[in-house]
Amino acid sequence: MTTTTDDPTSGLPGRPPVVDLATWQTARDELLVREKAHTREGDAIAAARRRLPMVELDGTVEVVGPDGPVPFLDLFQGRDELVVYKHMWHDGAPHQGQCEGCTTQPWYSVRDVEALVGGAMGYLTCFLRDGDRVFLTYSTTGRGNEPVNGSLGLLDMTPYGRREAWENNPEGWPEAPQADSPVGGHGSPICWYWRSDADGNATWGPTSRPVPQWTRPGATPVETLGRHGHHH
């Protein structure tokens, strides 16, 4: 039997209409045209990004790493390009008290360092090295940081998407859970920082972890990372 969108018994509340494979393929092919245009526009934007002018900065400016102050130039480790993300750091808290997503890479303190090197919190910044000369080439923030989190792109492929408050969803779509968080306060709609406790309750705190981790049977919160109680 062929199921069509005109059959009221086949629909699921708050879900897309149920259709046969051929009807789905037609709709999918129509969307593919737009997706390809989006990809090509992204390629064109990337090409323009590679042609942005550069700003030279002082590569001898020192940042503080685990072994003390080092020239910014050293962060390239002999390579030609460097991508930096400036994240928050809670003074006095050990590694397990920091944001897991921000502290998984080698990090350096840029406190009180000049703006071109330090930049503002939440920015992704790209640099180019030519010998001993260093250049700022690109900087972005907000949703421009999304390439670092590949799960966002995967969620955009799903029927429910990210379940963020700003998304344009069909009528009757399940509402996003509310979460208590330091970012949005009490009862805020979840966002890219959506976290839950072991029981799946949206929350942000010592018992919470990024939601995808809870799909692993037996996963439990990490209590310590690295040397217990050690922090910079």
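The values are calculated or read from the model by the stated rules, or taken from the named source; none is laboratory data. Just so it is clear, the model here is predicted, and its values are computed rather than measured. Virtual Cβ from ideal backbone geometry, glycine too; neighbours counted across all protein chains shown.
A few comments on the model shown:
Yes/no per residue for (1) assigned to a helix (DSSP H, G or I); (2) surrounded by 11 or more Cβ atoms within 10 Å (Cβ to Cβ); (3) at pLDDT 95 or above:
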position: 16; (1), (2), (3): no, yes, no
position: 23; (1), (2), (3): yes, yes, yes
position: 41; (1), (2), (3): yes, no, yes
position: 64; (1), (2), (3): no, yes, no
position: 73; (1), (2), (3): yes, yes, yes
position: 87; (1), (2), (3): no, yes, no
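- Strands (runs of 3 or more DSSP E) fully within region 110-181 that include at least 1 residues being aliphatic (A, V, I, L, M) and touching a Cys at 6+ places or on another chain (Cβ under 8 Å): 133-140.
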